[in-house]
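Engineer: Below is one structure. I have some questions about it.
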Amino acid sequence: MAGENDDVNWNDLSGQGGAGAEADDGDVTRTATDLEAVFDIPVSVSAVLGKSRMQVSQLLRLGRGAVVELDRKVGEAIDIYVNNRLIARGEVVVVEERLGVTMTEIIKGDRR
């Protein structure tokens, strides 16, 4: 699947260093220009505040104003998914009266 073999040095996406430039440790670094081919690909981003399990009968009894208890505590990091793949953890923030998410930890997935 495309995107699973990400050999990009994400710390070097500032545009410094040329495409394919050798880093001090011998690794080939990438720049944002190297990723231009994928910039327009749409992805689905989800920020999961928490999860809950319940029976259908309980779900059907929920009404306006009902509170569903989640498996997370206040202040605990939320999970950020891209195309249903966990990529980061973060915190909920308010930006101009809208909710947003700030990433606090990048999750490095297993390479296949």
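Engineer: Identify all residues within the range 36-91 that are of a type in the set (D, E, K, R), more than 16 Å from T104 (Cβ to Cβ) and not in a loop (DSSP other than H, G, I, E, B); write none if there are none.
Structural biologist: Within the range 36-91, E36, R61, R85 meet the criteria.
Engineer: Taking the criterion of being within 16 Å of the chain's Cα centre (by Cα), modelled with pLDDT of 65 or more, on the phi < 0 side of the Ramachandran plot and of a type in the set (A, V, I, L, M), would at least one residue in the range 58-67 satisfy it?
Structural biologist: In the first step, residues of the range 58-67 are kept if they are within 16 Å of the chain's Cα centre (by Cα); the result is none.
Checking the range 58-67: not a single residue is within 16 Å of the chain's Cα centre (by Cα), modelled with pLDDT of 65 or more, on the phi < 0 side of the Ramachandran plot and of a type in the set (A, V, I, L, M).
Engineer: Then there is this: Considering only residues that are out of contact with any Lys or Arg (no Cβ under 8 Å at 6 or more places or on another chain) and farther than 20 Å from V43 by Cβ, which ones fall in the range 73-94?
Structural biologist: Let us first name the residues in the range 73-94 that are out of contact with any Lys or Arg (no Cβ under 8 Å at 6 or more places or on another chain), namely 73-76, 81-94.
Once the filter is applied, which keeps residues that are out of contact with any Lys or Arg (no Cβ under 8 Å at 6 or more places or on another chain) and farther than 20 Å from V43 by Cβ, the range 73-94 yields K73, V74, G75, E76, E91, V92, V93, V94.
The values are calculated or read from the model by the stated rules, or taken from the named source; none is laboratory data. None of the values given here were measured: they were computed from a predicted structure. Every residue, glycine among them, receives a Cβ derived from its backbone with ideal geometry; neighbour counts consider all protein chains shown.
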